[in-house]
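Enquirer: Please see the structure below; I have some questions.
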Amino acid sequence: MDVLIALTADNLPTFIVATLTMFVGLFYMGYWIYMKRYYTNDTLFFLGLSSFSIAGWSLVELPITTLVLHNNIAVAYAPYIFIISMLFPFLCFIRNYYHNRKQKIWSILVAISLFEIFFCLFLQATNLLDFRHMLSTMLFLIVLFFFFICILTIRENHLYGLNSGMKLTVFCLILDACGLLIDIARYYIYNGKSTFFYGNFLFLITIIILGLEIIHHSREKIEKSKQLARLERLAYHDKLTDLYNRTAFIDYLSLVNTAKNGSFIVAFELHLNLTGFHQYNYSDYDREILTAAQMLQDAFAGIGKCYRLGYMEFSVILEDSTITACEQAIQIIKAQCEAYNHTHANAPIQFFSGYAEFDSILDHDIDDVRSRADFQLCQDKVRYIQKTFHE
């Protein structure tokens, strides 16, 4: 019993540090999963997975763990599984700091590390070779890959210079190596009776530093992307109606070099015949414009994109559509206007409209389609004026 108490007291600090490291790794992976919808960089996830693997190996290798769970087959195999699973997440984590991370050399290294996991598991599962006989090969592969990474780091520094994240990672790795060397020295000084406390403790400190740096960087990226989205929305959306604005309309037309059959442009001009207009203020006009914009959105929902080009000017672009669908949408708007005007006789809403479909003979590009749609709109206004004049 005294031996067990003494062993527990000696192993407890390392046990606590390794357990904390595992929980930090789990937190990083969970945080990345939660934030994935905003930020897709997987550096934090693989840092967490690496931390979990290394801390898990340290935990199951403690004398107190093997003593308490000495008959547990899972604990017997766990150290080897953690060792073979260290390399893959570490490579995926560290390559994100290199300029050439998309080159084949990294894909080859990651593929080899992943193959090692499945190959070792296959040999063990089929009883062709035991984990214990593969241990030297596993450790040799880790050392070999470490030298590869050192060479790639030197090359990176020579060609591009190390970025701040890479410098911090290198510093943390050096710190971990110092802790490991101290533990190895203590191990031989005390004839194998010491635990790897300093290596585990410094590893915990370094993953916290790296994780906080990655989280801080990712939050900055997320905030910048949100600001960019807000600016883009302000730049391309009408503030009153939330429809796309003239800038978005012109940019779209400039991007579409050539139109195709089934492409339509529908031009609209809103006409507000407010009786006693001197009694109305800008908010009343805005309310009517909002109502008209909603009519357009409802009529063309799913078939076209609506734009507000000016105060009373609107346009709709349809792609891969038909004349029937276009005319039906216009009829829906007319029906909506009639229904609205029936209950708002003092502030009726009316649209002048004109549309044109791309014609390979008549039109050179989408701008020609727009010109013909505007011409149809003008004709609709002329017909309304002539009708009103005769009445």
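FYI, it's all coordinate maths here, none of it is from the lab. Just so you know, these numbers come straight off a predicted model, no measurement behind them. Here the Cβ positions follow ideal geometry from the backbone for every residue, glycine too, while neighbour counts run over all protein chains shown.
Enquirer: What is the set of long-range amide H partners of GLU357 at a cut-off below 5 Å, with H atoms built 1.01 Å from backbone N?
Expert: Result for GLU357 returns nothing.
Enquirer: How long are the semi-axes of the equivalent ellipsoid of the chain, defined as square roots of 5 times the Cα gyration tensor eigenvalues? Whole Å, largest first.
Expert: The three semi-axes for the chain are 71, 23, 19 Å.
Enquirer: Do the sum for the chain: with -39,500 (n - 2.57) for every DSSP H run of n ≥ 4, divided by all residues, what is the mean residue ellipticity at 222 nm, to the nearest 500 deg cm²/dmol?
Expert: It comes out at -24000 deg cm²/dmol, rounded to the nearest 500.
Enquirer: Show me, for region 372-379, the HN-Hα J-couplings you get by feeding each phi into the Karplus relation (A = 6.51, B = -1.76, C = 1.60, θ = phi - 60°), rounded to Hz, glycine and proline as x.
Expert: 5, 5, 5, 5, 5, 5, 4, 4
Enquirer: Just flag the chymotrypsin sites (Phe, Trp or Tyr not before Pro) in region 169-224 sitting in loop per DSSP whose Cβ has no more than 11 other Cβ atoms within 10 Å.
Expert: Counting only loop positions with at most 11 other Cβ atoms within 10 Å, the chymotrypsin sites (Phe, Trp or Tyr not before Pro) in region 169-224 are TYR190.
Enquirer: Give the lysines reachable from LYS387 as a straight Cα distance under 29 Å; neighbours fewer than 8 places away on the same chain don't count.
Expert: Straight-line reach from LYS387, under 29 Å: LYS334.
Enquirer: Can you give me the C-alpha center-to-center distance between region 308-336 and region 113-152, rounded to a whole angstrom?
Expert: 65
Enquirer: Which entries in the list LYS239/LYS305; LYS102/LYS226; LYS104/LYS167 go over 20 Å, if you measure between the two C-alpha atoms of each?
Expert: Cα-Cα > 20 Å for LYS102/LYS226; LYS104/LYS167; rest within.
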